[in-house]
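Okay, so here's the structure we're looking at.
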Amino acid sequence: MDSGKVSQTTPQHNNFFLLMGLANTKQNVQDWITQQWVILFGKKISPITHKWLLGPFGSENGIGLKFINQLAEKENLTINNQTKSCGLIQSIEQLKLSEKEKKLLSKNVIDFYENTSNYDLKLKVKWNPFFKIFGVLLQLIFSKRIQQLNVPIKNIKDTSGLTSDIIQLIDLKSKKIKRTVWLRTFQSTGHIVYSGVYETCKLPSGKTCIKAVFPLPNGNATVILKPKVGKDGELILDSSGKKIGDSGFYFLLKDSKEKLYTKFIKSFKDKLIVSSSDNNITAIQTLTLWNSTVLRFEYNIKRKKV
């Protein structure tokens with residue numbers, strides 16, 4: 001086997017995989033194994049009936065900054081050069097909250113989501129020691145190589161600065177925003193923490209959610225978060241669904257024949273609470289696996305000085 005690449009399969013092996021699909025063999029072996037796992041234990045889906053779930057896929061030659069230019073070229077989009085007053089969503093109305101929830105929701109939280117590029121982020125990280133090995137493996141096998149999901153391994157007690165860039169991709173014909181990418185990197189190292197495409201989607205139940213799509217080679221990791229407003233005006237985004245069609249964490253990929261597969265990870269949940277007090281915005285993000293806390297992020301969010 002050529003180092004780092006999957007060897008070509010024999011006809012007998014191909015026959016074995018005919019019924020369940022085969023991940024593209026011309027890629028890094030780590031990526032092939034994880035994709036084949038999704039095919040084996042996931043579900044084949046239709047791009048028509050699962051349109052709500054679909055999002056951009058990454059290529060095999062890296063994600064990071066390359067992905068943004070590749071996505072613009074693939075979908076015939078242009079990058080918006082405006083860097084101020086760009087939001088993860090264009091309007092809070094996109095979340096389809098009730099009138100009661102919209103009145104209760106903090107105006108500062110609304111402004112953050114509608115004008116995200118006007119804010120600086122600082123981050124604290126706390127790992128559950130039992131799960132830290134998963135973070136180490138994630139970095140060694142995937143994160144540094146593909147420049148994605150580059151979660152810090154060490155606990156960060158003091159706030160660490162993040163660059164927070166909102167990159168809008170504009171349709172050349174309609175001049176409307178087609179894709180919104182949130183790129184977060186550590187100021188100290190320049191390493192990309194997350195590169196995600198953010199949009200809203202409507203679940204089969206009719207509920208509108210926020211969808212964050214993190215491109216991976218030949219696929220993506222997608223988190224669908226159901227919004228609600230807490231009693232103190234905080235925005236609560238929760239991915240605690242139980243099955244495909246609910247909010248939750250999904251892996252998606254295309255196999256060697258361009259067939260689509262997804263794996264819903266019921267045991268993995270993501271909860272984000274964004275609140276404001278005395279004009280200070282904070283966000284607490286808790287990742288849990290099998291109902292145990294794996295990782296906790298604390299964001300301190302402040303408006304940039306003009």
Item to check | Euclidean distance of C-alpha centroids, region 17-59 and region 194-229, integer Å | outcome: 18 Å
Checklist entry - Quick one: length gained pulling THR286 to LYS107 fully straight, 0.36 nm per residue minus the C-alpha distance? => result 62.1 nm
Checklist entry - At what distance in nm do the modelled label points of ILE79 and SER267 sit from each other, each positioned 7 Å from its Cα along Cα→Cβ? => result 4.0 nm
Item to check | Label zone at SER205 (point 7 Å along Cα-to-Cβ), backbone N below 15 Å, region 236-261 | outcome: 237-249
Next on the checklist: Given R₀ = 30 Å, what would the calculated FRET efficiency be for LYS243 paired with ASP165, taking r from the Cβ atoms and rounding to 0.05?
Outcome noted: 0.30
Item to check | Given LYS173/LYS242; LYS74/LYS126; LYS96/LYS263, the pairs whose alpha carbons are separated by over 31 Å | outcome: LYS173/LYS242; LYS74/LYS126
Checklist entry - Gain in length, LYS26 to PHE130, computed as 0.36 nm per residue apart minus the alpha-carbon separation, to one decimal in nm? => result 34.0 nm
Item to check | For GLU114, net neighbour charge (Lys/Arg +1, Asp/Glu -1) across residues whose Cβ lies under 14 Å away | outcome: +2
Checklist entry - With r defined as the distance between the Cβ atoms of GLN90 and LEU40 and R0 fixed at 30 Å, what FRET efficiency is calculated, to the nearest 0.05? => result 0.15
Item to check | Additional length obtainable on full extension of the chain from ASP232 to GLN187, 0.36 nm per residue less Cα span | outcome: 13.0 nm
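Bear in mind that the values in this text are calculations on the coordinates, not laboratory data. Everything numeric in this text was worked out from a predicted model, so none of it was measured. As a convention, Cβ positions derive from the backbone with ideal geometry for all residues, glycine included, and neighbour counts pool all protein chains shown.
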